[in-house]
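Colleague: The following block contains the structure, expressed as structure tokens.
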Protein chains: 2
Amino acid sequence: MNNFSFQNPTRIHFGKGQIAAIANEIPADAKVLITYGGGSIKKNGTLDQVLEALKSHTVLQFGGIEPNPSYETLMEAVELARKENIDFLLAVGGGSVIDGTKFIAAAIHFEGNPWSILSEGAALGKVVPAGNVLTLPATGSESNCGAVVTRRETKDKLAFLNPAVYPKFAVLDPETTYSLPQGQSANGVVDAFVHTMEQYLTVRDNAHMQDRYAEGQLLTLISEGPKVLKTPEDYGVRSTIMWTANQALNGLIGQGVPHDWSTHMIGHELTAMHGIDHAQTLAIVLPSLMQKMRDQKAPKILQYAERVWDIQEGSDEERISLAIEKTRNFFESMGVKTSLSDYGVGEADIPALISQLERHGMTALGEGKNITLDVSKAILTGAL
Amino acid sequence: MNNFSFQNPTRIHFGKGQIAAIANEIPADAKVLITYGGGSIKKNGTLDQVLEALKSHTVLQFGGIEPNPSYETLMEAVELARKENIDFLLAVGGGSVIDGTKFIAAAIHFEGNPWSILSEGAALGKVVPAGNVLTLPATGSESNCGAVVTRRETKDKLAFLNPAVYPKFAVLDPETTYSLPQGQSANGVVDAFVHTMEQYLTVRDNAHMQDRYAEGQLLTLISEGPKVLKTPEDYGVRSTIMWTANQALNGLIGQGVPHDWSTHMIGHELTAMHGIDHAQTLAIVLPSLMQKMRDQKAPKILQYAERVWDIQEGSDEERISLAIEKTRNFFESMGVKTSLSDYGVGEADIPALISQLERHGMTALGEGKNITLDVSKAILTGAL
């Protein structure tokens, strides 16, 4: 196990009715900007619950943060927050709204060009405190310190990580997820699954506890994930998925071990250039990546095959192949397609994707830093 | 899953050499009181590392905090801290030192009789900030908000829980545990195992993620625990045990689910009256408790049998019996005896133990509040 230092300061309020808890989480004299996306929180009653909880606070609203939040839209919110002297942000939505709100929080008092927070990982000055009400379990953004923002103009989808943007609190009420479209529910399960895999399926010394936690998350998503499609208003199922997606990327399972985020990095280019949903890009890339890296990752894929999929028989190569097949089939069973051709992307599109990876410095990905541009190309070709 | 609110603010510094991190964790102008136990930290070099890290700080020391820390000893430290205007506490040791230091931190500025913190769960005023350097993985005290203190005079062993005593930081350097006596290493593994069981082996709605985490901890302790006895200076083994014992009682697996702490409550009386090591008392009580409560806990014991011990065959009753037997055998394999008679306690001693449970209000224990004094008596009798 590698050395690590870890603290996750976000307070979680989990369960039905917990939106009321925000009243005590936000200072009474704060001027609050509520940020949200396309407006589903108005239809399903979540915004009403938030406004009821904050009826004694001064509240403004900023809607329209899109999936894969854009720098351009977020800078509009930054301008509003500066003009109105906002001193607390409340994101109400999924990972895109929460990611975008982290960027807004970091940009409001930032001196210089806020794009450098993303392009250069610039040091932050004063960050406006923020909390969130999560409505789409998937990204873990509600209690981690990462965010991904896209610049429409240049098709750059970039991430930043900074402990200063840990949310002060996160409300996870499973009932807010009942009305999610089936595709979004499915995407959330796939997103969480791949987050776990990218912190788990690496070559490393034994890290027993981290492995067992990751396997527990995968087993839970496999057994409970399909149920969100069949029984979307089952509180037990929705609460399990909401808690598991949170745990998959709150930092815990990634402590002390190498990671391999190449699936995300390649996937980001697919979203930026072709508008494919984030989780769909992960479902495309991961099985092909497992195939291309099967020799290097063999010991870990064999462990995954046995503990997660209960694959006991066959040669090493057969078990590895079966584990990759089962991974792909799981995504497909959630209704998430796993081939580039399913999304209208063909071989002719690959060079431009590789150029973007190169432009973003993604030339040596993976825990062994050996997923070069050539390997990424092979992974994309394998996913056709 | 039940509603919950959870935040664990303790920053963990894990790994070899991490004691140096305390220099930046403690304010430079703080007057620090280092608290410790019997002096093993002097022999194994841990205190030297701590003093080196704090060479620019003003430091005082208070040693002699005993296993099952006594109110009487701790109040001596409180007097010293008051006299010297201590404004930061650094516990260096195992769960007893850290528990004791939490009490010291709460008592220094407490107005009124500090015993009421334990006897009545009195509200705390200003609490002195504290951190710790853990040297014995077992109790999880290094990053939770609980503490247990014993009053020698009356043989009262009582607990308190308060978010104000969460440590600011915890250093977990596996190398500090190489020199532990074998019995203490074994006790630590058993203690962690039982902590997990008391948050897991309860009747409840499905809580998939919590169950998988708990099972992962148990599987890890079963596979790696015996190795600390065979290869005490194996860094991988020591780090796994240190991280797992931390996770077993940092609050995570207990969120949203009922608990059954009756093994601890009955065990505390055995320690207070007969001086039996804490972990030994747990190894005595848990198998007998599983036996007496086997009907109520049947569904969960069957899940435990299958997932943790891979028991696949036999009737329900046979699998339950085998799971209990394997639990007992695991403790015995760690060198921790599981019968009262192994410690010189006989049937004639039971009534006095039951009287103490009654005096401490422990008359309706367990997740069903149906472990009455009669049931506790049967559990103790079953453990003869």
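Colleague: Which of the residues that make up segment A:212-234 are within 8 Å of another protein chain (Cβ to nearest Cβ) and acidic (Asp, Glu)? If you could, list the steps in order and put the result at the bottom.
Modeller: First pass over segment A:212-234, keeping only residues within 8 Å of another protein chain (Cβ to nearest Cβ): A:212-213, A:215-217, A:219-220, A:223-224.
Of everything in segment A:212-234, those that are within 8 Å of another protein chain (Cβ to nearest Cβ) and acidic (Asp, Glu) turn out to be A:215, A:224.
Colleague: Next question. Please verify whether residue A:154 is part of a loop (DSSP other than H, G, I, E, B), without any contact (Cβ under 8 Å) to a residue 40 or more places away in the chain and β-branched (Val, Ile, Thr), treating the condition exactly as stated.
Modeller: On the way: part of a loop (DSSP other than H, G, I, E, B): yes; without any contact (Cβ under 8 Å) to a residue 40 or more places away in the chain: yes; β-branched (Val, Ile, Thr): yes.
So residue A:154 passes the test.
Colleague: Select from segment B:337-384 the residues that are out of contact with any Phe, Trp or Tyr (no Cβ under 9 Å at 6 or more places or on another chain), assigned to a loop (DSSP other than H, G, I, E, B) and among the β-branched types (Val, Ile, Thr) and list them in ascending order.
Modeller: Scanning segment B:337-384 gives B:345, B:363, B:372.
Colleague: Tell me which residues, restricted to segment B:76-122, are within 23 Å of the chain's Cα centre (by Cα), farther than 27 Å from residue B:28 by Cβ and not acidic (Asp, Glu).
Modeller: Those that are within 23 Å of the chain's Cα centre (by Cα), farther than 27 Å from residue B:28 by Cβ and not acidic (Asp, Glu): B:94, B:95, B:96, B:114, B:115, B:116, B:117, B:118, B:119, B:121, B:122.
Colleague: I would also like to ask the following. Only one of (1) without any contact (Cβ under 8 Å) to a residue 60 or more places away in the chain; (2) of a type in the set (Gly, Ala, Ser); (3) in a helix (DSSP H, G or I) fails for residue B:188. Which number is that?
Modeller: (1)
Residues checked against (1) buried (at least 20 other Cβ atoms within 10 Å of the Cβ); (2) of a type in the set (Gly, Ala, Ser); (3) under 24 Å from the mean Cα position of the chain (by Cα):
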{"position": "A:281", "(1), (2), (3)": "yes, no, yes"}
{"position": "A:302", "(1), (2), (3)": "no, no, no"}
{"position": "A:306", "(1), (2), (3)": "no, no, no"}
{"position": "A:312", "(1), (2), (3)": "no, no, no"}
{"position": "A:315", "(1), (2), (3)": "no, yes, no"}
{"position": "A:322", "(1), (2), (3)": "no, no, no"}
{"position": "A:357", "(1), (2), (3)": "yes, no, yes"}
{"position": "A:360", "(1), (2), (3)": "no, no, yes"}
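Colleague: Inside segment A:1-88, counting only strands (runs of 3 or more DSSP E) that do not spill past its ends, which hold 1 or more residues that are in contact with a Ser or Thr (Cβ under 7 Å, 6 or more places away or on another chain) and more than 14 Å from every other protein chain (Cβ to nearest Cβ)?
Modeller: Fully inside segment A:1-88 and qualifying: A:31-35, A:58-62.
Colleague: Residue check, residue B:352 against (1) buried (at least 19 other Cβ atoms within 10 Å of the Cβ); (2) over 24 Å from residue B:200 (Cα atoms), all met but one. Which one?
Modeller: Only one criterion in (1) buried (at least 19 other Cβ atoms within 10 Å of the Cβ); (2) over 24 Å from residue B:200 (Cα atoms) is unmet by residue B:352, namely (1).
Residue-wise test of (1) in contact with a strand residue (DSSP E or B) (Cβ under 6 Å, 6 or more places away or on another chain); (2) in the same structural domain as residue A:236 (by TED's automatic domain parsing); (3) modelled with pLDDT under 95.
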{"position": "A:139", "(1), (2), (3)": "no, no, no"}
{"position": "A:158", "(1), (2), (3)": "no, no, yes"}
{"position": "A:169", "(1), (2), (3)": "yes, no, no"}
{"position": "A:186", "(1), (2), (3)": "no, yes, no"}
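Colleague: Among the residues of segment B:30-50, which ones are farther than 15 Å from residue B:97 by Cα and touching a residue at least 12 places away in the same chain (Cβ under 8 Å)?
Modeller: If the condition is that a residue be farther than 15 Å from residue B:97 by Cα and touching a residue at least 12 places away in the same chain (Cβ under 8 Å), then B:30, B:31, B:32, B:43, B:44, B:49, B:50 are the ones that fit.
Colleague: If we keep just the residues of segment B:199-218 that are surrounded by 22 or more Cβ atoms within 10 Å (Cβ to Cβ) and among the hydrophobic types (A, V, I, L, M, F, W, C), which is farthest from residue B:1 (Cα to Cα)?
Modeller: Among them, the one singled out is B:218.
Colleague: Which number in (1) within 28 Å of residue B:17 (Cα to Cα); (2) more than 9 Å from every other protein chain (Cβ to nearest Cβ); (3) small (Gly, Ala, Ser); (4) buried (at least 24 other Cβ atoms within 10 Å of the Cβ) marks the one condition that residue B:267 misses?
Modeller: (1)
Colleague: Spot the failing condition for residue A:234; the list is (1) in contact (Cβ under 8 Å) with a residue 60 or more places away in the chain; (2) surrounded by fewer than 20 Cβ atoms within 10 Å (Cβ to Cβ), and only one is missed.
Modeller: That leaves (1) as the condition not met.
Colleague: Now for a different question. Evaluate segment A:294-306: report whether one residue or more is in contact with a Pro (Cβ under 8 Å, 6 or more places away or on another chain), in contact (Cβ under 8 Å) with a residue 24 or more places away in the chain, within 14 Å of chain B (Cβ to nearest Cβ) and under 18 Å from residue A:212 (Cα atoms).
Modeller: Looking through segment A:294-306, none of the residues is in contact with a Pro (Cβ under 8 Å, 6 or more places away or on another chain), in contact (Cβ under 8 Å) with a residue 24 or more places away in the chain, within 14 Å of chain B (Cβ to nearest Cβ) and under 18 Å from residue A:212 (Cα atoms).
Colleague: Another question, then. Among the residues of segment A:60-78, which ones are crowded, with 19+ Cβ neighbours inside 10 Å and of a type in the set (A, V, I, L, M)?
Modeller: A:65, A:74, A:77, A:78
Colleague: State all residues of segment A:312-352 that are touching a residue at least 60 places away in the same chain (Cβ under 8 Å) and touching a Ser or Thr at 6+ places or on another chain (Cβ under 8 Å); if no residue qualifies, say none.
Modeller: Scanning segment A:312-352 gives a single hit, A:331.
Colleague: Given the residues B:139, B:177, B:154, B:196, which is the only one that is crowded, with 20+ Cβ neighbours inside 10 Å, over 13 Å from the mean Cα position of the chain (by Cα) and not basic (Lys, Arg)? Step through it out loud before you land on a result.
Modeller: Working: B:139 fails: over 13 Å from the mean Cα position of the chain (by Cα); B:154 fails: crowded, with 20+ Cβ neighbours inside 10 Å; B:196 fails: over 13 Å from the mean Cα position of the chain (by Cα).
When all the criteria are applied, what remains is B:177.
Colleague: Pull up segment B:161-185, narrow it to residues that are more than 14 Å from every other protein chain (Cβ to nearest Cβ) and part of a loop (DSSP other than H, G, I, E, B), then point me to the one that is farthest from residue B:242 (Cα to Cα).
Modeller: Result: B:162.
Colleague: Identify the single condition in (1) in contact with a Leu (Cβ under 8 Å, 6 or more places away or on another chain); (2) under 25 Å from residue A:138 (Cα atoms) that residue A:350 does not satisfy, given that it satisfies every other one.
Modeller: The number of the failed condition is (2).
Colleague: What residue, of A:262, A:239, is more than 26 Å from residue A:344 (Cβ to Cβ) and either among the charged types (D, E, K, R) or at pLDDT 95 or above (or both)?
Modeller: None of the others qualify; the one that does is A:239.
Colleague: Suppose we filter A:353, A:365, A:384, A:322 for residues that are touching a strand residue (DSSP E or B) at 6+ places or on another chain (Cβ under 7 Å) and at pLDDT 95 or above; which single one remains? Reasoning before the result, please.
Modeller: Working: A:353 fails: touching a strand residue (DSSP E or B) at 6+ places or on another chain (Cβ under 7 Å); A:384 fails: touching a strand residue (DSSP E or B) at 6+ places or on another chain (Cβ under 7 Å); A:322 fails: touching a strand residue (DSSP E or B) at 6+ places or on another chain (Cβ under 7 Å).
The conditions single out A:365.
Colleague: Now for a separate question. Among the residues of segment B:235-257, which ones are facing another protein chain (nearest Cβ under 7 Å) and farther than 17 Å from residue B:143 by Cα?
Modeller: Once the filter is applied, which keeps residues that are facing another protein chain (nearest Cβ under 7 Å) and farther than 17 Å from residue B:143 by Cα, segment B:235-257 yields B:236, B:256.
Colleague: What tally of residues in segment A:15-52 results from selecting those that are on the phi > 0 side of the Ramachandran plot and out of contact with any strand residue (DSSP E or B) (no Cβ under 8 Å at 6 or more places or on another chain)?
Modeller: So the answer is 3.
The values are calculated or read from the model by the stated rules, or taken from the named source; none is laboratory data. As the structure is a computational prediction, the values presented were derived from the model and not from experiment. Counting neighbours? That spans all protein chains shown, and the Cβs are built from the backbone with ideal geometry, glycine included.
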